[in-house]
Amino acid sequence: MAKRPAVGLRRQGGVANVIMIVVALVFMVLFLLLPLVTVFAQAFASGLSGYIASITDPNTLSAIWLTLIVAAVALVVNVVFGLAGSWALARFRFPGRLAILTVLDLPFSVSPVVAGLMLVLLYGRQGWLGPWLEAHNLKIIFALPGMIIATIFVTLPFVARELIPLMEEQGADEEEAAILLGASGWQMFWRITIPKLRWGLLYGVLLSNARAMGEFGAVSVVSGNILGLTDTMSLDVKALYDGYNIVGSFAVASLLASLALVTLVAKTVLERQFLTRSTKEEVSA
Amino acid sequence: MAGHVSIRDVSRRFGAFTALDAVSLDIPAGELVALLGPSGSGKTTLLRIIAGLDFPDTGQVLINGEDNVARHPRERGVGFVFQHYALFRHMTVAGNVAFGLQVRPRGLRPSKAEIKARVAALLDLVQLGWLADRYPSELSGGQRQRVALARALAIEPRLLLLDEPFGALDTKVRKELGQWLRNLHHDQAITSLLVTHDQEEALELADRIVLMSQGRVEQIGTPAELYTKPASPFVLEFLGEANRIAGVVGEGGLVRVAGTGDAVAQSIDPGHALAAAGQAVTLYVRPHDLLLEARADGAAVVRSVKVAGAFAKIEVVLADQVLTALTPLHRLPSLHLQEGSRARLVVAQGMSFPTQGAGGSLQFAAPRSFAMA
Ligand SMILES: Nc1ncnc2c1ncn2[C@@H]1O[C@H](COP(=O)(O)OP(=O)(O)OP(=O)(O)O)[C@@H](O)[C@H]1O
Ligand SMILES: [Mg+2]
């Protein structure tokens, strides 16, 4: 039914259909495809050597490096928190559970810039914890720790949001069976829980990673944009652009765009895996 | 080695709700005991407590005399077959069966070759050797159930707990698997506790039946004991259908139907207090113990005659009560009963449960004056 357009639509819809398709295509090209092409066109505006020179610029290299570090730390935290948190939230009923579930969505609803400001207000020199941090010679704002915290803040819900419904749907029967068969808690976790969740976990990791590398607002507020020191790729793109280094700016942007494309493809592949697996496994559950 | 399980006064509450109320029962080593009861009577809760997946508020679970409540479930040596199989969906059939052996601590773990051989032997036992490399999602319900059983047997449990193992299967498959389980149990003599809410399954398979209701044990006994000497109306009605006939006891223990005065049964222990004339009784009579005889002056009127397999089901109305009688199909023609015909009704065998004084049923038979054609 759903696959076949209604008979009436198909017959008289010649003109209307064509118009709608054309409009959709024009929008796609205008707002999605063209900008993407522009990024790559501008990046290679002064040829391959110009591109390579831009990418291998020391400041750019440091920005790439910093982005990787921030993303990697955020990733580890997200996986650990995502697994532990969703385990607790999916398997147990305790007072305050709903409140936690609501707060978990905060990073989705708060503007990243506001998130960054909150961190400055908390950890900055004039912030609540500022004096104490300064007394102990700990620098968070305008330094790597602040950028990591900001990134973790904006990416925290991705993994947990993916895992909680999955865990609730799968139940704990298999884990209980494993324990009764003599498995230790550790064996149960690695041999049953993780494999059961692997597609959802991977999917959540992918999304949170894309967000981590692309994050601008929150990181921008807490980093202070110190060139070569606290510049991530996203910040670097803007800094280069503001300094009229168009090729350099678009070269870095092309890297980010490539990451986005890779993520998209991986996401599509995973979704397909995920769907066929879970429908298959549902039958066996 | 088979375990002797002894459950003493186990209670479990969920908030204000009492799921188990001082449950005590014994499962001698090597027996197959069925835990029978309506939905929500606490069967699964009891099973989970025995396995160590849940904890009693009070009471003890002893296996071979040792208190198991403080023991980790992993160390109890319990094989558990879940109602919904709970197979490891990301492992093959062979992987599922091997799991319990692979997770043993290094010193106790069999070698790879030994594990392989054991798995093959177990899969042969459940007749699934040819499916070793399939995933659970690629099996039928009955096949999954047998994999779950093989997986539970792999750790050589002292005790096998089965939670409605055949619940999700169609009648034919569940009968086959039930019989197969019975034979397996006969060969291996593992103490087993089988949860079911199917009374027929319990009567056919079990050495003994534990009937539960609302968190309490109603009666424990062999299938024959429960069927012929139920301790309460609940037990009687749970194990097969029964008619209730309201009557009054007359002289000589003769029971007359309230309303018509027809004599339908006679007490066979006339010394009992109930035999005192004028007392009201409720007679419980199985459909096949209700005899009908076509008679123009009979007090019962046939409402319908239906053929159900090997039996004919005859519904009659007697003094505003609708009663069901079963008769072998081959006898139906000689009864000369159709819709609307009148009949005399006699109880070949029945029971009543006097309210005063607990326990015990009173037995009734056909009136002495009655002789069936
Ligand atoms: N974790 C729980 N929290 C609250 N109530 C529970 C919990 N587990 C079981 N109960 C309640 O305890 C009662 C007994 O449940 P149980 O699962 O033991 O029944 P059962 O005899 O196995 O029923 P069924 O034949 O439907 O499986 C039910 O009323 C159920 O609602
Ligand atoms: Mg149950």
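Computed from point charges on the beta carbon alone (+1 for Lys and Arg, -1 for Asp and Glu), the dipole magnitude for the protein assembly as shown about its Cα centre is near 1140 Debye.
Indicate, rounded to the nearest 5 percent, the antiparallel portion of the DSSP beta bridges found entirely in chain B.
That works out to approximately 75 percent antiparallel.
Using a Debye calculation, one point per C-alpha and no hydration shell, please list log10 I(q)/I(0) for chain B at q = 0.08, 0.14 Å⁻¹ in order. Ignoring solvent entirely, the Cα scatterers give -0.54, -1.11.
Each of the GluC sites (Glu not before Pro) that DSSP puts in a loop and that has at most 16 other Cβ atoms within 10 Å breaks chain B; the longest unbroken stretch is B:1-240. The trypsin sites (Lys or Arg not before Pro) of region B:102-172 meeting both criteria, a DSSP state outside H, G, I, E and B (loop) and at most 15 other C-beta atoms within 10 angstrom of the site's C-beta, are B:ARG134.
Taken about its Cα centre, chain A carries a charge dipole of roughly 760 debye when the Cβ of each Lys and Arg holds +1 and the Cβ of each Asp and Glu holds -1. Could you give the length gained by full extension between A:ILE55 and A:PHE189, i.e. 0.36 nm per residue of separation minus their alpha carbon distance, to one decimal place? Result: 44.0 nm gained on full extension. Treating each Cα of the protein assembly as shown as an identical point scatterer and ignoring solvent, apply the Debye formula and state log10 I(q)/I(0) at q = 0.05, 0.06, 0.07 Å⁻¹. Here the Debye-derived log intensity ratios amount to -0.44, -0.59, -0.73. In this rough spin-label picture, where each label sits 7 Å from Cα along the Cβ direction, the A:LEU48-B:ARG368 distance is 11.7 nm. Summary of the geometry: region A:135-160 and region B:248-264, compared by the centres of their Cα atoms, lie 89 Å apart. Projecting the Cα positions of B:ALA148, A:SER234, B:ALA29 onto the charge dipole of the protein assembly as shown (unit charges on Cβ atoms of Lys, Arg, Asp and Glu, taken about the Cα centre) puts A:SER234 furthest along the positive direction. Taking the 1.4 Å solvent-accessible surface of region A:51-283 as the whole, the part contributed by carbon and sulfur is 72%. Zone of B:ALA308 (label point 7 Å along Cα→Cβ, backbone N under 12 Å): which residues in region B:285-300? Backbone N within reach: B:287-288. Quarter the surface of the alpha carbon convex hull of region A:42-144 and you get the mean projected area, 10.6 square nanometres. For the residues of B:95-103, the average number of beta carbons from a partner chain within 10 Å of their own beta carbon is 4.
Each label was represented as a point 7 Å from its Cα along the Cα-to-Cβ direction; for B:ALA121 and A:VAL110 these points are 6.2 nm apart.
Using the Cβ-Cβ distance between B:PHE14 and A:ARG272 with R0 set to 35 Å, the FRET efficiency works out to roughly 0.25. Comparing A:ALA16, B:GLY215, B:MET91 along the charge dipole axis of the protein assembly as shown, the residue lying farthest to the positive side is A:ALA16, per the Cβ-charge model.
Placing unit charges on the Cβ atoms of the charged side chains and taking the dipole of chain A about its Cα centre, the candidate lying farthest along the positive direction among A:PHE31, A:VAL77, A:SER184 is A:PHE31. Amide H to amide H, with H built 1.01 Å from N, B:ARG134 comes under 5 Å of B:VAL93, B:ALA94, counting only residues 5 or more places away or on other chains.
As a calculated quantity, the FRET efficiency between B:ARG331 and B:ALA189 at R0 = 35 Å, using C-beta atoms, amounts to about 0.25. State the percentage of accessible surface on chain B attributable to carbon and sulfur atoms; use a 1.4 Å probe and exclude ligands, DNA and RNA. Of all accessible area on chain B, carbon and sulfur atoms account for 53 percent. Taking the Cα centre of chain B as origin and assigning +1 to Lys and Arg Cβ atoms and -1 to Asp and Glu Cβ atoms, the resulting dipole is close to 980 debye.
Taking each full run of DSSP H in chain A as one helix, which ones are at least 24 Å long along their axis (Cα atoms) and have mean Kyte-Doolittle hydropathy of at least -0.5?
Helices meeting the span and hydropathy rule in chain A are A:58-91, A:144-170, A:194-214, A:246-284.
From the square roots a ≥ b ≥ c of the eigenvalues of the alpha-carbon gyration tensor of region A:51-283, which class results: rounded (a/c under 1.5), prolate (a/b over b/c), or oblate? Judged from the Cα gyration tensor, region A:51-283 comes out oblate (a/c at least 1.5, b/c at or above a/b). Beta-bridge orientation, the protein assembly as shown: approximately 75 percent antiparallel, per DSSP, counting only bridges with both partners inside. With R₀ fixed at 60 Å, the C-beta to C-beta distance from A:TYR244 to B:ARG106 puts the FRET efficiency at about 0.35. For region B:2-71 versus region B:214-245, the inter-centroid distance based on Cα atoms is 21 Å.
The values are calculated or read from the model by the stated rules, or taken from the named source; none is laboratory data. As the structure is a prediction and not an experimental result, all values here were calculated from the model. Don't worry about glycine lacking a Cβ; one is built from the backbone with ideal geometry, like all the others, and counts go over all protein chains shown. Quick note on the areas: whole protein, heavy atoms, side chains included, nothing else; ligands and nucleic acids left out. Shrake-Rupley method; radii C 1.70, N 1.55, O 1.52, S 1.80 Å.
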